[in-house]
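The block underneath contains the structure these notes are about, expressed in structure tokens.
What follows draws every value from the coordinates through simple rules; no lab data is involved. Worth saying up front: this structure is predicted, and the values here are computed from it rather than measured. Quick reminder, even Gly has a Cβ in these numbers, built from the backbone with ideal geometry, and neighbours come from all protein chains shown.
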Amino acid sequence: MMDVFPTTTQASAARAAPAAAPSMITADFQTFLRLLTTQMQNQDPLNPMESTEFASQLAQFSGVEQQVRTNDLLTGLQAGLATQGMGQLGGWIGMEARAEMPVNFEGQTVTLAGAPNVLADRMELVVRDARGLVVQQIPVPLSADRFTWDGTDLSGNTVPEGVYSFTIQNWSGEDMIEERGAMVYSIIEEAQLVGGEVWLTMEGGLSIPAQTVLGLRRAAS
């Protein structure tokens, strides 16, 4: 299984960080008051501190304190909204998503679709491994209908397990008009909140941002 999620330790540290901010502000404020009191006690009697200067320093610190608290509140609000969005995505679990994404191949048949160019007279599927090397290039139907790749390479042998990406080439005669990412259909196994963003774990353990999903349908039984 592959994932891109932070470790449990990192996640715990991230959750603990906002809670530490208020105590840090309080400590800094107490230090500020002690320093200010010491300054007033040791000021020159012939040249005492102006009350306006004291008020200005206090106002500046108070402003910084308020800004930090506001930032913490905004961070908490954003996390809450992201969590709410993830809750709504709970219904996606077990459904089939369509997106431009790589696949962690483990021997399964991969379902894909391409977008035919109006000027094209044929389309070809190009499969590349994690190093970007072409392992398969085969003709596919000139339509937006779904088709499958059986996991074989240019020699007809099953490719090793690993991550593979897919593109569709549109051809007109001997000229390639364009090459774009193929749509991959895969079952959603999990939704997880990572850094305030919802990520989906697909078949094979590969994860993608939820916002990259372009289509959703019930998985065939």
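What is the calculated FRET efficiency for Leu154 to Glu197, with r their C-beta to C-beta distance and R₀ = 41 Å, to the nearest 0.05?
Working: r = 38 Å, r/R0 = 0.92.
Here the calculated transfer efficiency is 0.65.
Compute the signed sum of charges (Lys and Arg +1, Asp and Glu -1) over the other residues within less than 9 Å, Cβ to Cβ, of Val184. Please report the intermediate quantities before stating the final value.
Details: positive: Arg98; negative: Glu100.
Its environment carries a net charge of 0.
At 7 Å along the Cα-to-beta-carbon direction for both Ile93 and Ile138, put a label point, then send me their distance in nm to one decimal.
3.5
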